[in-house]
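As structure tokens, the structure follows; a few thoughts come after it.
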Amino acid sequence: MDFALFISFVILLRIGELILSKRNEKWLLQHGAIEYGQKHYPFIVVLHVLFIVSMIIEYTTKQTKTFNPFLLVFFLLFLIFKVWIILSLGKFWNTKIYHIPSFPLIKKGPYKYFKHPNYLVVVAEIAVIPLVFGLYCTSIAFTVLNFIMLSVRVKEENKVLKI
């Protein structure tokens, strides 16, 4: 598989998620949502941008080009799981933390089984996406950075949702 095609696909997915998030943000705000976690959100954005940049740099400087179709299948399975998450949350899915006090928490789809299924997917993606092309440095570094970031994010979200 061609790396340029793969990374373009990943970038287009992220852009699509941001567009959907922005559309949902408008709906949430129209229904009285309050945003939380504004202080850490810019760090999440930078982390994800640098993740893409790191993959491109590591791949272009790597001596041996590898491709793992098994891990590509895992990535595609994570995408299916993410679609299930997004469909389960509907207008409530967002890259930011929003809460409408008068609305109950979603308890359907994967939210019947997990507290934060979206973050499970994000953790898996950050670890696996680079490994599809053997980009071990990016996978390890950003898995650690993402873990640190999510420890802040999940704590904030739990506080807001009183989980």
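Where a number appears in this text, it was derived from the coordinates with a stated rule and is not lab data. Since the structure is predicted, the reported quantities are computational estimates derived from the model, not experimental observations. For neighbour counting, all protein chains shown are included, and Cβ atoms are generated from backbone atoms with ideal geometry for every residue, glycine included.
Label PHE70 and LEU47 with points 7 Å out from Cα along Cα→Cβ: what is the distance between them in nm?
Going by the 7 Å Cα→Cβ label model, 2.8 nm.
Which whole number of Å³ per residue matches the convex hull of the alpha-carbon atoms in segment 55-163?
Here the figure is 103 Å³ per residue.
Just to be sure I understand: with springs between alpha-carbon atoms less than 10 Å apart, which residue in THR61, THR143, THR95 has the highest mean-square fluctuation in the Gaussian network model of the chain?
THR61
For segment 92-156, report the % of Cα-Cα distances exceeding 15 Å.
On the way: 1272 of 2080 pairs.
Roughly 61 percent, once rounded to a whole number.
How about LYS26: which lysines have a C-alpha closer than 21 Å to its C-alpha, ignoring those fewer than 8 places off in the same chain?
Hits, sequence-local ones excluded: LYS39, LYS91, LYS96.
Based on DSSP loop calls and a cut-off of at most 15 other Cβ atoms within 10 Å, the longest stretch of the chain free of exposed chymotrypsin sites (Phe, Trp or Tyr not before Pro) is what?
1-66
Which one, ALA127, ILE140, LEU89, is farthest towards the positive end of the dipole of segment 81-163 when Lys and Arg carry +1 and Asp and Glu -1 on their Cβ?
My answer, from the dipole projection, is LEU89.
Under a cut-off of 20 Å between alpha-carbon atoms, report the aspartates and glutamates in cross-link reach of LYS115, not counting same-chain residues fewer than 8 places apart.
Those aspartates and glutamates meeting the cut-off are GLU35, GLU125, GLU156, GLU157.
Taking the simple approach of a point 7 Å from Cα along Cα-to-Cβ for both LEU120 and LYS108, what is their distance in nm?
Here the answer is 1.9 nm between the modelled labels.
Which of ILE19, ILE56 has the fewest other C-beta atoms within 10 Å, and how do the rest follow up to the most?
Going from sparsest to densest Cβ surroundings: ILE19, ILE56.
Based on the Cβ-Cβ distance of LEU13 and LYS162, what FRET efficiency does E = 1/(1 + (r/R0)^6) give at R0 = 30 Å, to the nearest 0.05? Mind showing how you got there, number by number?
Working: r = 32 Å, r/R0 = 1.05.
Here the calculated transfer efficiency is 0.45.
Given a cut-off of under 8 Å on Cα pairs at least six residues apart, what relative contact order in percent is computed for the chain?
Relative contact order, the chain: 35 percent.
Pick out the long, greasy-scoring helices in the chain: whole DSSP H runs spanning 27 Å or more along their own axis by Cα, mean Kyte-Doolittle at least 0.0.
Long hydrophobic helices here: 3-30, 41-61, 69-89, 136-161.
Would you calculate a helix-derived [θ] at 222 nm for the chain, using -39,500 (n - 2.57) for each DSSP H run of n ≥ 4 and dividing by the full residue count, to the nearest 500?
-24000 deg cm²/dmol
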